[in-house]
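Data block below; observations after.
Every number here is computed from the coordinates shown, using simple stated rules; none is lab data. These numbers were taken from a predicted model, which means no experiment stands behind them. Virtual Cβ from ideal backbone geometry, glycine too; neighbours counted across all protein chains shown.
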Amino acid sequence: MNESSPNKVGGAVVGFLAGGAAGFVATEAGAAFFHFVLDITPDVENRPMLLLVFLGVPVLCALAGAFAGARVAARKGR
């Protein structure tokens, strides 16, 4: 372990939480758009791919946020 490891972990945790929140907001915004603008209610019971998207987008955004947070925290002088 080097001296920036605790900074990387903290940055990764913050990035994970922020990315997960952003992914959740993105899926909810998409569902609201379909419901209010297009007048189509997304039905996840009959469409497993839609359920996969609703579950996968926040997870992928959280992982991307953790990666980005660890990279930013690992920079020298920050």
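Observations, loosely collected:
- Taking the chain and dividing mean pair separation by its residue count, relative contact order in percent (alpha carbons under 8 Å, at least six apart): 57 percent
- Helix 5-32 axis versus longest C-alpha principal axis of the chain: approximately 10°, rounded to the nearest ten.
- Order of Thr41, Thr27 - criterion: other Cβ atoms within 10 Å of each residue's Cβ, fewest first: Thr41, Thr27
- Here the extension length gained between Ala29 and Ala74 equals 13.0 nm, from 0.36 nm per residue of separation less the Cα-Cα distance.
- Protection-proxy order for peptides 10-19, 42-51, each taking the mean of Cβ atoms within 10 Å per residue, highest first: 10-19, 42-51
- Degrees separating the helix 48-73 axis from the principal Cα axis of the chain, which is the longest one: 20 degrees
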